[in-house]
Amino acid sequence: MGLIKGLFSLLIVTLLVLSVLFVDFVYKTFSVTPREVHTDAIVVLAGGRGRVEEGIKMYKEGQGRLLLLIGVDPLVKKGELYRGTKPDQVYLENVSRNTLENAIYARDLITRHKVTSISLITSRYHMKRATLIFRNALAKDIAIYPHPVDSRNLKEDWWIHGGSFKLLFTEFYKYCGFRFFFMLAPGELRPLPGGS
């Protein structure tokens, strides 16, 4: 009987801790606000509505020296996405298929072009995980400025929208998984000094 009570108490404490962490995750997800800052590169994680358009708009406004469109469909050509000045400073990466691969392939472009600061564009719900992965994949001295894009499938009153709750909870457990991974293997994704 004592063992069952102990396990039940442990379960309750675990659920309380997870609830607090989840609420904190949601609060921080909605608290991130874009900053108007000039960076070496605008890095767009393609795949979500409005992300590429926001990156192109910022690039055309002169907020970045380079525009890196990461995770673009292999069938899409640059001319289909970007028409404007300085097309030679716009790069498409079309091999990566998830956030971890996005960071690794983006890192190659970032290293090659001696980038020291990036504006990272992705959907709001995805921003905390993307920032965490990029922070662990890039050299420590590269500044990352999160620039979230709002999407219709994430509502601010998420607790009464099943789709928003599911989306946030899915991101929360993926984020926790990566946090745990990076706690066990800090710097595992970082490039070797002098390498790419």
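Can you put V90, V43, V76 in order of Cβ neighbours within 10 angstrom, beginning with the fewest?
V76, V90, V43
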Discussion item. Tell me the angle of helix 99-112 to the major Cα principal axis of the chain, expressed in degrees between 0 and 90 and rounded to the nearest ten.
Written reply: 40 degrees
Worksheet item: Considering only the other residues whose Cβ falls under 14 Å of the Cβ of V95, what net charge follows from Lys and Arg at +1 and Asp and Glu at -1?
Response: -2
Practice prompt. Beyond 23 Å between alpha-carbons counts as too far, so tell me which of K28/K155; K28/K174; K77/K128; K60/K128 fall in that bin.
Written response: K77/K128; K60/K128
Worksheet entry | Helix-only mean residue ellipticity at 222 nm for the chain, each DSSP H run of n ≥ 4 adding -39500 (n - 2.57), per residue, nearest 500 | -15500 deg cm²/dmol
Worksheet item: What longest range of the chain stays clear of loop-exposed GluC sites (Glu not before Pro) (DSSP non-H/G/I/E/B, at most 12 other C-beta within 10 angstrom)?
Response: 62-155
Response to the item:
Taking Cα pairs closer than 8 Å and at least 6 residues apart, the relative contact order of the stretch 56-108 in percent is 40 percent
Worksheet, complete the sentence: Nearest 10, in degrees from 0 to 90: the angle of helix 51-60 to the longest Cα principal axis of the chain is 40 degrees
Worksheet item: In a shell of Cβ-Cβ distance under 15 Å around E54, excluding E54 itself, what net charge do Lys and Arg (+1) and Asp and Glu (-1) give?
Response: +3
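Count neighbours as other Cβ atoms within 10 Å of each site's Cβ, and list the trypsin sites (Lys or Arg not before Pro) in the stretch 40-115 that are DSSP loop with at most 13 such neighbours. All intermediate terms of the calculation are to be shown ahead of the outcome.
Details: sites: R49, R51, K57, K60, R65, K77, K78, R83, R97, R107, R112, K114; in loops: R49, K77, R83, R97, K114.
Here the trypsin sites (Lys or Arg not before Pro) that fit, given the DSSP loop and packing criteria, are R49, K77, R83, R97, K114.
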Worksheet item: What order do you get for 133-145, 173-185 when each peptide is scored by the mean count of other beta carbon atoms within 10 Å, highest first?
Response: 133-145, 173-185
Worksheet item: Picking from L75, V95, M127, whose Cα lies most toward the positive end of the charge dipole for the stretch 47-131 (charges on Cβ: Lys, Arg +1; Asp, Glu -1)?
Response: M127
Fill in: Extension gain (nm, one decimal) between R65 and T14, 0.36 nm per residue minus Cα-Cα
13.7 nm
Worksheet item: Given H placed on each backbone N at 1.01 Å, which residues far from V76 in sequence or on other chains put an amide H within less than 5 Å of it?
Response: none
Worksheet item: Cα gyration tensor of the stretch 29-122, axes a ≥ b ≥ c as square roots of the eigenvalues: rounded (a/c below 1.5), prolate (a/b > b/c) or oblate?
Response: rounded
Response to the item:
Under 16 Å by backbone N from the virtual spin label 7 Å along Cα-to-Cβ at H38, the residues of the stretch 46-64 are 58-64
Worksheet, complete the sentence: Ranked on Cβ counts within 10 Å of their own Cβ, fewest leading, T116, T122, T39, T131 go T116, T131, T39, T122
Discussion item. Below 8 Å, C-alpha to C-alpha, sequence gap of six or more: please give me the relative contact order for the stretch 67-196 in percent.
Written reply: 23 percent
Worksheet item: For helix 2-31, what angle does its Cα long axis make with the longest principal axis of the chain, in degrees from 0 to 90 and rounded to 10?
Response: 30 degrees
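Readers should treat all values here as calculations from the given coordinates under stated rules, not as data from a laboratory. Keep in mind that this is a model prediction, so the values were computed, not measured. Every residue, glycine among them, receives a Cβ derived from its backbone with ideal geometry; neighbour counts consider all protein chains shown.
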